[in-house]
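Working notes, beginning with the structure itself.
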Amino acid sequence: MQEADCVVSIDDDNEHAAEQQRRLQSLKKELRRTFLSQPRDRALADELNELISDEQLVAEAMDNDLGGRLVEGRALVILGESGAGKSRSIHRALSDRFGNYQVANAPTRLISITAPSPCTLKQLGASVLRATGYETKRDLKENVVWAMVRRRLKDLNIRFLHIDELQHAVQMKSDGEIQKVRDTLKGLMQTPEWSVSLILSGLPELAVFIQGDTQVRRRCRFIRFEPLVPGRDAKKVGTMIRNLARRADVSADHVLASTSLALRLIHAASAQFGIAIELAQDAILAAVREGHKQLTLGHFATTYHARTGCAPSENIFSISADFLLIDPQRALEDAPKTTIPADGAPKRPKDKRNA
């Protein structure tokens with residue numbers, strides 16, 4: 001009987017590909033963790049410090065049985081479009097001042113939730129309860145839910161409540177329901193035995209929610225994450241690209257000096273700094289994946305196509321001129337669509353841009 005051969009296969013290509021994937025994954029993690037501080041982040045930190053300072057005065061007033069506005073909480077409102085970078089900045093600011101507040105049972109005086117959608121008062125209260133570690137399968141009444149919320153906040157020594165995406169409250173059809181949410185949040189700030197300070201964040205529509213009640217409005221301070229302005233912020237965006245590229249041992253100097261990359265990136269990101277960072281990170285990863293040491297417009301074009309599904313004629317980083325005429329919000333909509341006629345042969349519609 002003939003013995004079977006012992007075959008050992010060493011696939012160098014597979015091992016190399018696996019090692020390359022590990023390095024890319026490590027680089028991706030490093031780029032994602034890189035925080036690019038801006039003046040708005042320092043402003044957010046300052047306002048948060050003021051809120052904490054005010055809360056300490058409230059606690060002292062309560063200890064001394066003082067009343068009136070001395071024992072009322074305040075609210076910090078953070079507004080910005082989707083992709084502006086609010087969530088990353090808020091998380092960093094809260095982590096700096098409250099430690100690892102997202103870990104279960106962490107010794108903290110803050111809890112953070114995302115407002116449900118639709119944001120009814122009962123659902124909002126249930127979200128707060130869950131964040132305090134309280135779970136119930138019972139269908140509790142609205143007033144019972146919020147009585148439990150106030151008791152839990154006091155029992156757990158929670159002085160700060162962060163609610164993200166609170167613009168969901170404006171989406172309710174009934175003005176009466178919206179006002180009930182306002183009144184309840186106002187009540188949290190006014191409760192004599194345990195007032196709470198609020199950190200409210202969301203899209204610009206959140207301003208409508210705040211402005212609808214004068215008493216809520218006067219207790220608020222505001223931070224706006226403004227959109228990028230090409231003439232003012234192109235240099236800042238260029239610096240961001242350089243800093244990220246340097247972490248990947250890739251040079252961005254040539255492409256920034258010889259092209260309108262920063263302006264194209266601002267436009268492609270709909271003037272939102274958070275989106276601009278994500279596009280830059282992906283373009284740098286594309287360069288590393290291809291083994292390139294120089295960042296090019298082509299890397300950004302590849303990234304933009306992958307993220308938007310745009311047609312080549314609608315790629316902000318590919319066309320030679322008039323890129324400002326492209327609407328990045330309609331990139332997928334404007335991509336050529338394949339149609340299947342009766343004969344079964346796929347055809348594309350004619351490009352009418354230059355017709």
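Residues being more than 20 Å from Pro118 (Cα to Cα), free of Cβ contacts under 8 Å to residues at least 60 places away in the same chain, among the acidic types (Asp, Glu) and not in a strand (DSSP E or B) are represented in segment 207-217 by at least one member. Scan segment 72-97 for residues that are hydroxyl-bearing (Ser, Thr, Tyr) and assigned to a helix (DSSP H, G or I) and jot them down. Result: Ser87, Ser89, Ser95.
Name the helices (runs of 4 or more DSSP H) wholly inside segment 236-338 in which the number of residues that are under 23 Å from the mean Cα position of the chain (by Cα) and over 21 Å from Thr34 (Cβ atoms) is 2 or more.
Values: elements: 253-258, 261-268, 273-289, 297-308.
So the answer is 261-268, 297-308.
So in segment 12-29, with the set limited to residues that are surrounded by 11 or more Cβ atoms within 10 Å (Cβ to Cβ) and charged (D, E, K, R), which one is modelled with the highest pLDDT? Within segment 12-29, the match that is modelled with the highest pLDDT is Lys28.
Touching an Asp or Glu at 6+ places or on another chain (Cβ under 8 Å) and either surrounded by 14 or more Cβ atoms within 10 Å (Cβ to Cβ) or not in a helix (DSSP H, G or I) (or both): is that true of Gln167 in this structure? So Gln167 passes the test. The selection criterion, being at pLDDT 95 or above, of a type in the set (A, V, I, L, M, F, W, C) and either touching a Ser or Thr at 6+ places or on another chain (Cβ under 7 Å) or open to solvent by less than 40 Å² (accessible area, probe 1.4 Å) (or both), holds for Ala245.
Looking across Val208, Val229, Val250, one residue alone is at negative phi, touching a helix residue (DSSP H, G or I) at 6+ places or on another chain (Cβ under 7 Å) and surrounded by fewer than 15 Cβ atoms within 10 Å (Cβ to Cβ). It is Val208. For segment 170-196, filtering for residues that are open to solvent by 30 Å² or more (accessible area, probe 1.4 Å) and in a loop (DSSP other than H, G, I, E, B) leaves 5.
The values are calculated or read from the model by the stated rules, or taken from the named source; none is laboratory data. Keep in mind it's a predicted model, so treat the numbers as computed, not measured. Heads up, the Cβs are rebuilt from the backbone with ideal geometry, glycines too, and the neighbour counts pull from every protein chain shown. Side chains included, ligands, DNA and RNA excluded: accessible areas come from the protein's heavy atoms. Shrake-Rupley method; radii C 1.70, N 1.55, O 1.52, S 1.80 Å.
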